[in-house]
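To start, the structure under review is shown below, and the notes come after it.
Every number in this text was worked out from the coordinates using simple rules, so none of it is lab data. Fair warning: this is a prediction, and the values are worked out from it, not measured in the lab. Reconstructed Cβ throughout: ideal geometry from the backbone, glycine too, with neighbour counts over all protein chains shown.
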Amino acid sequence: MKTSKEQVVGYLQNQIAQSDLRARAYVFDEQERKNPNRNAYVKIRQYISAFLSGKREPRWVTIPGIRGVGKTTLLAQLFYEQKIPQKNKLFLSVDQTIQYLGVSLNQVIDAYEDILGTVFEKLDEPVILFLDEIQYEEDWGIILKSVYDRTKNVFILATGSSALSLQTNSDVVRRTIFETLYPMCFSEYLKIKEGKFEQKGLSGQIRSSIFESKTAIEVFQSLKGSETKAKAYWTGVDRQEVDKYLRYGTLPFAVKLGNEGLIYDQIKKLVDRVVTNDIPQMGNFSPEITSKIPSLLYSLAGSEELSLRSLSKTLSLNITTLSEILEVLTNAEMLYRIYPYGSAYKQARKPSKYLFASPAFRSMYFNFIGRINKGDKDSGKLLEDLAGFYLTRFLQKKINTSLTYDSAQGGADFIAGFGEDKIALEIGYGSKDFKQVSQTLGKIKAKYGLSVSMTPLALSKDGKSVSVPLSYFLLI
């Protein structure tokens, strides 16, 4: 049965009436204590505050991110804070609305104008749209572009899990600001779990030391200058929190659950939703092929090296199809693809490295096959996932950067490129020497090498590499 406009209006009126109560569940815990905010909250709140103060740009912020990183919670917290007339702020789960009503977002916007009592062009007071899971509307880019162009009195805040559909729409790219919500960094984890805030300026200081120094000696001396602040931050922190963080603490919902078995069950459901809901929107795969994606992820979690030929035989998939699946999983932000260092020809011949966008995904598979906590090697794989997400998050904010790896046996895990400057990084959970970064430094023109591990801060004898304690790296 066709949904009438009156039904849509009634639905929206009900959503508006209940929205503060629904949002409150995300803002406060069971003891009525206010939940801590993600770091991204501050920046996006500033955009909204500037708009409400009369600044007309930016008026459209899009928040992409993998499932489970807290996009809905962030949206609810921002919504709850806005003290404007209730009808002037609309908090809508687009996926639920489309599924429940069977109407387009355009029809929803049209009905919302009826509630406002005027069309957007004639608005004389600010309105804010909080739209969650926007990718479920096929024409979302065209619809929100129309809203954006029709009035300067509407601020649009939209979230979505599908990075590909969010970021390749040219109409969107020209008008919106993208603020990707990544999994939590360690300082966010402790803030959410323990209410512990970082030392002011410490993260920026360490990042600058590690990535912006001219020589290894400068890295060492600069990090030495951060030693007092770093020790003060770690005072009173149970070192077991690092293990918990690596296993599941990058995902905000897992921090509150407590029961590790339940956490992994929820992570599995999250991954299943990506496979069943998100992947079909991004790739034209048959149900038979889609059903093999969980097995592919399972294989990736347990393998030391990726062999497309071996995987294709194991999964009974041709290499072309397997490559297409990996590309879609990368676009869906389940995986990060790290290319081998070198020319385009070398990158085509050598295998890419695929890391999980959150170590919690690999940890979930480890748990199911009984490998969790089986030694530094497995913890090292989780740490490599974490380093991939840390480095990607940092490099994507910079211009003319790259992230590759040394594909030679015993080469460095990562090579971070900043234009012509290169930095070789080796990541390990236990103790590490300078052997692997030195091997890579001998082949590429790099500023210096970094060996991140449990080893204390030290400078190599040749003055070309620095041993960076994991406790420093976790705070970047």
### Query
How many times 2.2 N^0.38 Å is the alpha carbon radius of gyration of region 270-339?
1.02
### Query
Which percentage, to the nearest 5, of the DSSP beta bridges contained in the chain is antiparallel?
35
### Message
Can you compute the modelled spin-label distance between GLU420 and ARG349, with each label point 7 Å from Cα toward Cβ, in nm?
### Response
2.7
#### Entry: Cut-off 19 Å (backbone N to label point 7 Å along Cα→Cβ of TRP234), residues of region 449-468
450-460, 466-468
### Query
FRET efficiency for SER402 and ASN14, Cβ-Cβ distance as r, R0 = 56 Å, nearest 0.05?
0.65
### Task
Could you tell me, in Å, what Rg and Dmax come out for the Cα atoms of the chain?
23.7, 77
#### Entry: aspartates and glutamates with Cα under 14 Å of LYS447, excluding same-chain neighbours fewer than 8 positions away
GLU212, GLU218, GLU420, ASP421, ASP462
### Query
By average Cβ neighbour count within 10 Å, what is the ranking of 200-208, 427-435 from highest down?
427-435, 200-208
## Note on the structure
The rounded separation in angstrom of the Cα centers of region 305-346 and region 115-165 is 36
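At a 10 Å Cβ-Cβ cut-off, how would you order TRP140, TRP234, TRP60, fewest neighbours first?
TRP234, TRP60, TRP140
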### Query
Setting aside same-chain residues fewer than 8 positions from LYS152, which lysines have a Cα under 20 Å from its Cα?
LYS55, LYS83, LYS87, LYS89, LYS122
### Message
Applying a 10 Å radius around every beta-carbon, put 287-299, 266-278, 382-394 in order of their mean neighbour count, most first.
### Response
382-394, 266-278, 287-299
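Between ILE84 and GLN281, what is 0.36 nm times their sequence separation minus the Cα-Cα distance? Round to one decimal in nm.
The span from ILE84 to GLN281 would gain 67.3 nm if fully extended.
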### Summary
In nm, the gap between the two label points placed 7 Å beyond Cα toward Cβ at GLU194 and GLU327 is 4.5
#### Entry: Over 20 Å between alpha carbons, listed pairs LYS353/LYS445; LYS350/LYS464; LYS191/LYS398; LYS244/LYS377; LYS377/LYS435
LYS353/LYS445; LYS350/LYS464; LYS191/LYS398
### Message
So if each residue of separation counts as 0.36 nm, and I subtract the Cα-Cα distance between SER104 and SER49, what length gain in nm does that give?
### Response
16.8 nm
## Note on the structure
The simple spin-label model distance between ASN39 and GLN7, using points 7 Å out along Cα→Cβ, in nm, is 4.6
### Task
Using only Cα atoms, find the angle between the long axis of helix 319-331 and the longest principal axis of the chain, and express it within 0 to 90 degrees, rounded to the nearest 10.
70
### Message
Only bridges whose two residues both fall in region 5-181 count here: according to DSSP, what percent of them are antiparallel, nearest 5?
### Response
5
### Task
May I ask you to derive the FRET efficiency for LYS214 and LEU306 from their Cβ-Cβ distance with R0 = 45 Å, giving the value to the nearest 0.05?
0.80
